[in-house]
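Report on one structure; see the data block that follows.
The values are calculated or read from the model by the stated rules, or taken from the named source; none is laboratory data. The structure displayed is predicted, hence computed values, not measured ones. Counting neighbours? That spans all protein chains shown, and the Cβs are built from the backbone with ideal geometry, glycine included.
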Amino acid sequence: MTDDELRDLYRQMVTIREFESRILRLRLDGEIEGVVHPYIGEEAIAVGVCAHLRRDDAMTSTHRGHGHCIAKGADLGRMMAELFGRIDGFCGGKGGSMHIADFEIGMLGANGIVAAGLPIACGSALAAQLRDSDQVTACMFGDGVAGAGPFHECLNIAGLQRLPIVFVCEDNGWAANSVSGEMLSGTPASIAAGHQVRSTAVDGTDVLDVAAAMEEAVAVARGGEGPTLIVARCFRYQGHAYRNVDLPLPGGEEERRAWLERDPIPRFAEELARRGVELDPEAVSREVEEELGAAEDFARNSPVPALDSALADLFAEAPR
Ligand SMILES: Cc1ncc(C[n+]2csc(CCOP(=O)(O)OP(=O)(O)O)c2C)c(N)n1
């Protein structure tokens, strides 16, 4: 990657961190409604994955989807407007955090239903295969998904049909507020092996490690050689949703401290310095804050949906 590309990865991670911090404040102050699930600590995964996706490649996301949307290139003002419930949001203000989608950039949607992104990703990858296009689909999900039915079904169909898909397991060790390993027989990788889907493990706090695995998996998928599972070990800094709670960690406080020392953002700044890539972290933070301030202003100035639009865009009608 060029120095500019490396600096851009850094800036994207800062944008995600600051977007999430701002959204947390806004939610706790009651300025926005609904549940939000912060992605803080996992930024290197979304950014590393998108480093090797084209704009016309697809991505499916999760309940913790803001970082995925930002890395895929979603407009910050429209994301913010959606969170504020305003008409300029991606869903006209009716969807909120867990429904942000932008088909123009291949973002097929955040998703409040755990594991529901996997069948959508398989459909997207099958469509690309049938069209004979070389588009790839990245399918993001948490380790809590590995015990859910769609995980097994989708690995099976993706392996069988050699779908051009990269499954990315964001393995933060938790499923919401539980330790995911206590609920799983095997690991995501061992389950994938059972379905003859190759897998690779990466350090989810190292954006370049994620990007390197993604580069290879995308080349395999584009080359018609089928799916890969990337398991990215990471740590999420917040509780499950916006009300923070200290979650159980098998290794206790020591484990928490060790993870915090591996914060993906300062770590990458150090890596850039080691490579002699010029970077002014404070200037990046200032510029990102300005950009986010403008996005928030855009959202606040966007109108609230009219009351008579409440039933528009619904696909079901109440019986008459
Ligand atoms: C089908 C379904 N079952 C249960 C839930 C409730 N739920 C929300 S998040 C979550 C766990 C998700 O774990 P993981 O995918 O590992 O992501 P994490 O939140 O830990 O980052 C559950 C069970 C849901 N949203 N959908």
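Looking at the structure I just gave you, is GLN196 buried (at least 18 other Cβ atoms within 10 Å of the Cβ) and touching a Leu at 6+ places or on another chain (Cβ under 9 Å)? No.
Results for (1) within 16 Å of the ligand (Cβ to nearest atom); (2) of a type in the set (A, V, I, L, M, F, W, C); (3) out of contact with any Gly (no Cβ under 8 Å at 6 or more places or on another chain); (4) in contact (Cβ under 8 Å) with a residue 40 or more places away in the chain, shown as yes or no for each residue.
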position: GLY34; (1), (2), (3), (4): yes, no, no, yes
position: ALA44; (1), (2), (3), (4): yes, yes, no, yes
position: ASP57; (1), (2), (3), (4): no, no, no, yes
position: THR60; (1), (2), (3), (4): yes, no, no, yes
position: HIS63; (1), (2), (3), (4): yes, no, no, yes
position: CYS69; (1), (2), (3), (4): yes, yes, yes, yes
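So, of the residues in the stretch 159-198 that are more than 14 Å from the ligand (Cβ to nearest atom) and polar (S, T, N, Q), which turns out to be farthest from ALA58 (Cα to Cα)? By that ranking, first place goes to SER185. Would you call VAL284 surrounded by 15 or more Cβ atoms within 10 Å (Cβ to Cβ), in contact with a helix residue (DSSP H, G or I) (Cβ under 8 Å, 6 or more places away or on another chain) and in a helix (DSSP H, G or I)? Taking the combined requirement at face value, the residue satisfies it.
Yes or no, residue by residue, for (1) within 17 Å of MET59 (Cβ to Cβ); (2) modelled with pLDDT under 95; (3) buried (at least 16 other Cβ atoms within 10 Å of the Cβ):
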| site | (1), (2), (3) |
| --- | --- |
| ALA217 | yes, no, yes |
| TYR237 | no, yes, yes |
| HIS240 | no, yes, yes |
| PRO250 | no, yes, no |
| GLU254 | no, yes, no |
| PHE268 | no, no, yes |
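Considering only residues that are in a helix (DSSP H, G or I), of a type in the set (Gly, Ala, Ser) and over 17 Å from LEU53 (Cα atoms), which ones fall in the stretch 189-214? Answer for the stretch 189-214, where residues must be in a helix (DSSP H, G or I), of a type in the set (Gly, Ala, Ser) and over 17 Å from LEU53 (Cα atoms): ALA189, SER190, ALA192, ALA193, GLY194.
Test ALA146 against the stated conditions and say whether it is within 21 Å of PRO188 (Cα to Cα), more than 12 Å from the ligand (Cβ to nearest atom) and buried (at least 24 other Cβ atoms within 10 Å of the Cβ). Full working, then the answer.
Details: within 21 Å of PRO188 (Cα to Cα): yes; more than 12 Å from the ligand (Cβ to nearest atom): no; buried (at least 24 other Cβ atoms within 10 Å of the Cβ): yes.
Taking the combined requirement at face value, the residue does not satisfy it.
Within the stretch 234-249, residues that are under 16 Å from ARG262 (Cα atoms) and within 11 Å of the ligand (Cβ to nearest atom) reach partners that are of a type in the set (Ser, Thr, Tyr) and at pLDDT 85 or above with beta carbons closer than 9 Å, at six or more positions or on different chains, in the pairs CYS234/THR205; PHE235/THR205; ARG236/TYR39; GLN238/TYR39. Counted as qualifying within the stretch 41-159 are no helices (runs of 4 or more DSSP H), as none has 3 or more residues that are in contact with a His (Cβ under 8 Å, 6 or more places away or on another chain) and aromatic (Phe, Trp, Tyr). LEU272 meets the conditions (1) of a type in the set (A, V, I, L, M); (2) within 26 Å of the chain's Cα centre (by Cα); (3) surrounded by fewer than 17 Cβ atoms within 10 Å (Cβ to Cβ) in every case but one. The failed one is (3). Within the stretch 261-289, the set of residues being among the hydrophobic types (A, V, I, L, M, F, W, C) and without any contact (Cβ under 8 Å) to a residue 12 or more places away in the chain comprises ALA273, ALA283. Among the residues of the stretch 180-190, at least one is over 15 Å from the mean Cα position of the chain (by Cα), farther than 26 Å from GLY106 by Cβ, modelled with pLDDT of 95 or more and of a type in the set (A, V, I, L, M, F, W, C).
Quick one: in the stretch 99-117, which of the residues that are away from the ligand (no atom under 11 Å from the Cβ) and under 22 Å from ALA176 (Cα atoms) is nearest to the chain's Cα centre (by Cα)?
Across the stretch 99-117, the extreme among qualifying residues is ALA110.
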